[in-house]
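See below for the structure under consideration.
The values are calculated or read from the model by the stated rules, or taken from the named source; none is laboratory data. Keep in mind it's a predicted model, so treat the numbers as computed, not measured. Cβ: placed from backbone, ideal geometry, glycine included. Neighbour counts: every protein chain shown. What goes into the accessible areas is simple: the full protein's heavy atoms, side chains included, and nothing from ligands, DNA or RNA. Shrake-Rupley method; radii C 1.70, N 1.55, O 1.52, S 1.80 Å.
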Amino acid sequence: MKLGQLGLQALGKRLRGPGLAWRSGPFSIRLRTDLVAVRDGLHFLYADHPLVPGGDFCDGDITLRQPRAAWGWRRPMVQAHVDYQPIFEPVPVAHALPLVEWLLNWHVTAHGHHFLTVHAAALERDGKALLLPAPSGSGKSTLCAALVHRGWRLLSDEYALIDFATGLVHPLARPVSLKNQSIEVLRAFAPEAVFSAPAHGTPKGTLAQMKAPAAHVQRMDEPACPVWIVFPQWSPGATLLLQARPKARALLELTRQTVNLDLAGHDGFARLAELVTASECLDLRYDMLADAVAAIDAMAQAIDHAG
Amino acid sequence: MLFSLNPQIDLIWRDWGDESVAMEAASGRVFLFDPLSSALLACFESGPQQVQAAVDSLLADLGSPTDSRLQEFLRAALDRFVALGWLLPGDA
């Protein structure tokens, strides 16, 4: 059963009671809250995600509650608990939906050590995966969202999960988080894209989540083999450039973006080195989103023609 | 002066032609090295070495035994390895 098949009333009852449990790729989460905005946001953004049957094990338990104590806050606040322990500072209730996404990201990085977790967007086309490793602010989420609307399947916008044994990238197929001017840039690029209501005044500015296409969510259990590693850097006024990156420098940057490499040790390093050896590694500098998408499409078509 | 590889350092290397990447297991830190620096460290894998002997041997292999710039470069690389704790003075 999918989350969206529950009516809002039934959804709210689960959230207020035993918890709402759903799965994104290899991770399942149970959430409890009485916040209507979260209920409505989940019903919208995660409508196509499978529910986890009641009582089944979940990887994490999240609770969002408004604190009882008068903390002197000027706005209504919400406190998150993970596995019944408080986590993060309270945030305004208006930021509760982005908070859910931050918590899901935190959960992946804190507990997902059965994968190599790379701070990268990941997409797939014709069975071949593209990784976009980059620090925050490089434009990877915006580029990822754009590629999703140009024939690429969304695997993840924030963390690429690489299987230690196989080297395959496993999807999360979660909403793509965009911020500030990227929201309008993407709306203009892909008018068909569907967004949550924006949350203003977060530490990252204005945030909105772009719903993952239903067809991509349905394929969340289909990993893909990485073929391209592209390091994107958006820069205003930059001339479009897509050029080969030396393998050693690609590996160096990939290790910097791997959040659990210290835990993975030599095995993790060896797996990343194999990934770099087997993939085409490139740097991408761009200003206009359409140019970047066209360059990546051309890159993918070149390998298609090469067979 | 005699230097040795720190026995507590556990390195894994990957080489691509003109550059190498090494990960130090305990810290999880990853480093990029040029071929000369990698070759200099490799001199110490067989056992403790006198610094100048290692440098001279490498320069001889390169066919540039008296190149002062290369000498300086290798000395700087050595200082880097010592600062990282990968090379220790004496017979470790």
What whole-number distance in Å separates the alpha-carbon centres of region A:1-72 and region A:144-207? 21 Å
Total Å² of accessible surface buried at the A-B contact, 1.4 Å probe, nearest 100? 1300 Å²
Once a ≥ b ≥ c are taken as the square roots of the eigenvalues of the Cα gyration tensor of chain B, is the result rounded (a/c under 1.5), prolate (a/b larger than b/c) or oblate (a/b not larger than b/c)? oblate
Can you give me the long-range amide H partners of A:Cys281? Hydrogens built in the peptide plane at 1.01 Å from N, cutoff under 5 Å, separation of 5 or more residues or another chain. A:Ile229, A:Arg245
Rg and Dmax of region A:192-232, Cα atoms only, in Å: 15.0, 39
From the phi of every residue in region B:5-21, what ³J(HN,Hα) in whole Hz does the Karplus formula 6.51 cos²θ - 1.76 cosθ + 1.60 yield, where θ is phi - 60° and glycine or proline is x? 5, 5, x, 8, 8, 10, 10, 10, 10, 9, 10, 10, x, 8, 9, 10, 10
At the level of C-alpha centres, the distance separating region A:235-307 and region B:17-88, in angstrom, is 29 Å
Which angle between 0 and 90 degrees, to the nearest 10, do you get for helix A:261-278 versus the longest principal axis of chain A when only C-alpha atoms count? 40 degrees
Would you mind calculating the gained length between A:Ala238 and A:Glu274 on full extension (0.36 nm times residue separation, minus the Cα-Cα distance), in nm to one decimal? 9.8 nm
Largest-first ordering by accessible area, 1.4 Å probe, given options A:Lys140, A:Lys204, A:Lys13, A:Lys211: A:Lys13, A:Lys204, A:Lys211, A:Lys140
If each of A:His113 and A:Thr166 carries a label point 7 Å out from its Cα toward its Cβ, how far apart are those two points in nm? 2.3 nm
Cβ-Cβ cut-off under 12 Å around A:Ala122, Lys and Arg +1, Asp and Glu -1: the net charge is +2
Which value results when the Cα radius of gyration for chain A is divided by 2.2 N^0.38 Å? 1.00
Radius, Kirkwood style, for region A:3-111 when every pair of distinct Cα atoms is counted (Å): 14.1 Å
Heads up, region A:198-307 by the C-alpha gyration tensor (a ≥ b ≥ c square roots of eigenvalues; a/c under 1.5 rounded, else a/b over b/c prolate, else oblate) looks rounded
Convert each backbone phi in region A:194-199 into a coupling constant with the Karplus relation 6.51 cos²θ - 1.76 cosθ + 1.60 (shift: θ = phi - 60°), then list the ³J(HN,Hα) values in order as whole Hz, x for Gly and Pro. 10, 10, 6, 5, x, 10
What's the average, rounded to a whole number, of partner chain beta-carbon atoms within 10 Å of each residue's beta-carbon in B:28-34? 5
Take the cross-link list A:Lys128/A:Lys179; A:Lys128/A:Lys247; A:Lys140/A:Lys247; A:Lys128/A:Lys204; A:Lys140/A:Lys179 and give me the ones stretching past 22 Å between alpha-carbons. A:Lys128/A:Lys179; A:Lys128/A:Lys204
Provide the percentage of antiparallel DSSP beta bridges, counting only those with both residues in region A:115-306; round to the nearest 5. 70 percent
